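The values are calculated or read from the model by the stated rules, or taken from the named source; none is laboratory data. Predicted, not measured: the structure shown is a model, and the values here were computed from it. Cβ placement follows ideal geometry from the backbone for every residue including glycine, while neighbour counts extend to all protein chains displayed. Side chains are part of the model used for accessible areas, which takes the heavy atoms of the whole protein and leaves out ligands, DNA and RNA. Shrake-Rupley method; radii C 1.70, N 1.55, O 1.52, S 1.80 Å.
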Amino acid sequence: EGGRHLQPLGRSLSDRLQARCREARVTPFMLLQAAFAVLLGRFGDETDVVMGTPVAGRVHRDVEPLIGFFVNTLVLRTDLSGDPTFAELLEASRRSILDAYAHQHVPFEMLVEELKPERSLSRSPLFQILFVLQNADRSPADLGAARLEPIGGEIVAVKFDLELNAGEGLEGLELSWLYKRELFHAATVERMAGSFGALLEALLERPKE
């Protein structure tokens with residue numbers, strides 16, 4: 001059973017995040033993933049933060065036009081030891097993500113089989129937190145006389161303990177926090193989201209700290 005908390009970042013913060021990415025020569029995914037790792041490290045009092053992220057899996061041009069599900073899952077590990085500045089952490093995160101993408105063709109199931117972690121039916125192997133940045137074109141589909149409308153509804157199930165989904169909305173970046181109700185109270189996730197917004201503001205104001 002899962003819950004969801006929506007968090008719009010607003011146009012001003014979103015534009016400053018984009019500007020910081022251009023300045024640091026990183027993608028928005030890299031910056032948000034590094035900041036999310038910092039948040040998790042502080043909330044969990046940990047220096048070794050592991051999360052997963054899905055990738056399209058269409059690394060070859062020949063499969064781009066094919067219909068089918070090619071998605072794979074990457075495991076991203078962030079080392080917060082040594083009290084690095086965010087600029088240092090962002091550079092390390094950039095290298096780590098590029099290394100992970102270089103091996104995105106390796107099936108996640110094969111990685112689990114190779115590492116042989118202690119398995120449990122109560123949680124996903126290797127990671128229990130997911131980060132996703134949806135940057136695909138969201139322009140309306142043209143179906144002639146037909147009209148498409150989104151159907152709202154409550155989230156009834158989640159696959160991971162905590163998921164952070166980011167995407168571009170009409171007023172800037174929008175974050176969607178999905179969580180297991182048996183592990184998190186709604187107020188806890190709201191407080192975590194508020195802390196993440198404050199952290200992003202601080203990282204933009206003082207990137208070298």
Of 188, 53, ordered by accessible area with the largest first and a 1.4 Å probe, the sequence is 188, 53
Rounded to the nearest 10 Å², the 1.4 Å probe accessible area of residue 48 is 70 Å²
Scalar couplings 3J(HN,Hα) for the stretch 26-37 by Karplus 6.51 cos²θ - 1.76 cosθ + 1.60 (θ = phi - 60°), nearest whole Hz, x for Gly and Pro, are 10, 8, x, 4, 4, 5, 5, 5, 5, 5, 4, 5
Computed over the chain, protein heavy atoms only, probe 1.4 angstrom, the accessible area per residue in square angstrom equals 64 Å²
Extension length gain for residue 102 and residue 186 (0.36 nm per residue less Cα distance), in nm, is 26.5 nm
Here the FRET efficiency for residue 119 versus residue 11, based on Cβ atoms and R0 = 35 Å and rounded to 0.05, is 0.20
Under the Karplus relation with 6.51, -1.76 and 1.60 and θ = phi - 60°, whole-Hz ³J(HN,Hα) for the stretch 165-170, x at Gly and Pro, equal 10, 10, x, 7, x, 5
Out of 117, 37, 169 - ranked by how far each Cα lies towards the positive end of the dipole of the chain, with unit charges on the beta-carbon of charged residues - the top one is 169
Charge tally for neighbours of residue 176 with beta carbon under 11 Å away, counting Lys, Arg as +1 and Asp, Glu as -1, is -1
With no solvent term and unit scatterers on the alpha-carbon positions of the stretch 94-192, Debye gives log₁₀ I(q)/I(0) at q = 0.14 Å⁻¹ of -0.85
Comparing 190, 118, 88 in a Gaussian network model of the chain (Cα, 10 Å), the one with the largest mean-square fluctuation is 118
Under 16 Å by backbone N from the virtual spin label 7 Å along Cα-to-Cβ at residue 46, the residues of the stretch 171-209 are 180, 183-184
Carbon and sulfur atoms account, in whole percent of the 1.4 Å probe accessible area of the chain, for 52 percent
Residues of the stretch 72-110 with backbone N under 11 Å of the label point set 7 Å from the Cα of residue 62 along Cα→Cβ are none
Computed for the chain: size of charge dipole around the Cα centre, +1 on C-beta of each Lys and Arg, -1 on C-beta of each Asp and Glu, debye to nearest 20, value 180 debye
Given 157-166, 193-202, 78-87, 34-43, the highest-first ranking by average Cβ count within 10 Å works out to 34-43, 157-166, 193-202, 78-87
In nm², the average projected area of the convex hull spanned by the Cα atoms of the chain is 14.0 nm²
Within the under-12-Å Cβ sphere about residue 93, not counting residue 93, Lys/Arg +1 and Asp/Glu -1 give a net charge of -1
By accessible area (1.4 Å), largest first, 1, 205 order as 1, 205
